[in-house]
1. Taking LEU276 as meeting all but one of (1) open to solvent by 50 Å² or more (accessible area, probe 1.4 Å); (2) in contact with a Gly (Cβ under 6 Å, 6 or more places away or on another chain); (3) within 16 Å of the ligand (Cβ to nearest atom), write down the number of the exception.
2. Among residues belonging to the range 75-99 that are in a loop (DSSP other than H, G, I, E, B) and within 13 Å of the ligand (Cβ to nearest atom), point out the one that is surrounded by the most Cβ atoms within 10 Å (Cβ to Cβ).
3. I need the full set of residues from the range 95-131 which are touching a Ser or Thr at 6+ places or on another chain (Cβ under 7 Å), closer than 22 Å to LYS141 by Cβ and free of Cβ contacts under 8 Å to residues at least 60 places away in the same chain, in order please.
4. Within 23 Å of ALA210 (Cα to Cα) and either acidic (Asp, Glu) or open to solvent by 60 Å² or more (accessible area, probe 1.4 Å) (or both), is that true of ASP332?
5. Among the residues of the range 165-172, is there at least one that is within 16 Å of the ligand (Cβ to nearest atom), basic (Lys, Arg) and either open to solvent by 10 Å² or more (accessible area, probe 1.4 Å) or out of contact with any helix residue (DSSP H, G or I) (no Cβ under 8 Å at 6 or more places or on another chain) (or both)?
6. In the range 211-233, what residues are within 30 Å of LEU283 (Cβ to Cβ) and either touching a strand residue (DSSP E or B) at 6+ places or on another chain (Cβ under 6 Å) or open to solvent by 40 Å² or more (accessible area, probe 1.4 Å) (or both)?
7. I want to confirm something. Restricting to the range 105-152 and keeping residues that are within 16 Å of the ligand (Cβ to nearest atom) and either among the polar types (S, T, N, Q) or at pLDDT below 95 (or both), which single residue is surrounded by the most Cβ atoms within 10 Å (Cβ to Cβ)?
8. Residues that are buried (at least 18 other Cβ atoms within 10 Å of the Cβ), touching a residue at least 40 places away in the same chain (Cβ under 8 Å) and within 16 Å of the ligand (Cβ to nearest atom): does the range 189-196 have at least one?
Amino acid sequence: MPRNTTRLRLAGAVAAVLVAAGVATGPAAQASPEQPTLAQLAQRHGRYFGSATDNPELTDTAYTKILGSEFDMITPGNGMKWYATEPQQGVFDWTAGDQIVDLARRNHQRVRAHTLVWHSQLPGWLTSKQWTAAELRAVLKKHITTEVRHYRGKVYSWDVVNEAFNDDGSYRETLWYKTLGPGYIADALRWAHQADPHARLYLNDYNIEATGPKSDAYYALAKDLRARGVPFDGIGFQTHLALQYGYPTTLKENLSRFSGLGLDTALTEVDVRMQLPASDAKLAEQADWYRQLTEACLAVRRCVGITIWDYTDKYSWIPAVFPGEGAALPWDEQLHPKPAYQALREALS
Ligand code: 9MR
């Protein structure tokens, strides 16, 4: 017994050192050698494999068991958004975000923190008032500084600005853009960097997987931010795909051109929805898409990892937002792996 205790203590100490060094250790320590986890398979390529999660689901122990073992990166789906973290002006609430950070830490997982500046899920006090530019700038700076400081040293990256562009490549007319102009993006990045110089800072959006006007807008902005020396590390490709719209065949070349700017890329919110009911044919096509997008990321040196937007259809956001669509994730509602799960394993092997 004492020998086991010593070994456990030693293993714990080694894990702590590796975690401090930013090396993911948990799933490697937990899984059986015959069946490596998605995280372990990704680690062999120097990548991570993550899942989003959300606080209400954490009471589901069958769910948290897979969440804690199969992945090495976790994103809070809602708990770090503005409505949750600053529900009243100047009053900060870290309960939801901390719960997920603590869970990830216990499972030796890293955290992609999400998100600081967005037009959605803002508290009423922020959206119901007419702000002057000076006032809103101060509010934004305080929010970013306080939240990023709170999580300093505890998160791998931040989605600093989320969904800043329209599909045609024009700036989205958000509260931030309308009041502060496009400079809010560089300001947000600078404030986030000051608050946590080690966090990787991302701009994150959907419908930018294929080349086109929206992804061109990010390319131009990224180039400009780089040229001006604004602290900034990567572009998050949300990758919310739908079978009925076709696979984004230019994904790999698109990821590559951002690497060419010296930036990281990541697939940050992957799901592949379909019109219900699901069929074997649709699930096979979905599996093929998961395989292709994984291969695309692995083929691009600076595509650092993949996160799915929760791992099971049981907790997917899709059915509530796209009625009649769903079945978007690699595990079904009973937490059984689907063909997409096998496809992910093969693509990572
Ligand atoms: O997963 C999130 C869901 O629980 C929320 O209801 C929804 C509200 O908009 O936001 C979801 O996450 C979004 C993410 O923050 C940004 N990209 C789109 C995601 C799906 O809507």
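1. The one condition LEU276 does not meet is (3).
2. First, pick out the residues of the range 75-99 that are in a loop (DSSP other than H, G, I, E, B): 77-81, 86-87, 89-90, 92-94.
Then drop every residue that is not within 13 Å of the ligand (Cβ to nearest atom), which leaves 77-81.
Working: GLY77: 22, ASN78: 19, GLY79: 22, MET80: 26, LYS81: 21.
For the range 75-99, the residue satisfying everything is MET80.
3. Selection gives GLY97, HIS119, TRP131.
4. Details: within 23 Å of ALA210 (Cα to Cα): no; either acidic (Asp, Glu) or open to solvent by 60 Å² or more (accessible area, probe 1.4 Å) (or both): yes.
The answer is no for ASP332.
5. yes
6. THR211, LYS214 - these are the residues of the range 211-233 that are within 30 Å of LEU283 (Cβ to Cβ) and either touching a strand residue (DSSP E or B) at 6+ places or on another chain (Cβ under 6 Å) or open to solvent by 40 Å² or more (accessible area, probe 1.4 Å) (or both).
7. THR115
8. No - not one qualifying residue is present in the range 189-196.
The values are calculated or read from the model by the stated rules, or taken from the named source; none is laboratory data. All figures in this text were calculated on a predicted structure; none of them were measured in a lab. Don't worry about glycine lacking a Cβ; one is built from the backbone with ideal geometry, like all the others, and counts go over all protein chains shown. Keep in mind that these areas ignore ligands, DNA and RNA; they rest on the heavy atoms of the full protein, side chains included. Shrake-Rupley method; radii C 1.70, N 1.55, O 1.52, S 1.80 Å.
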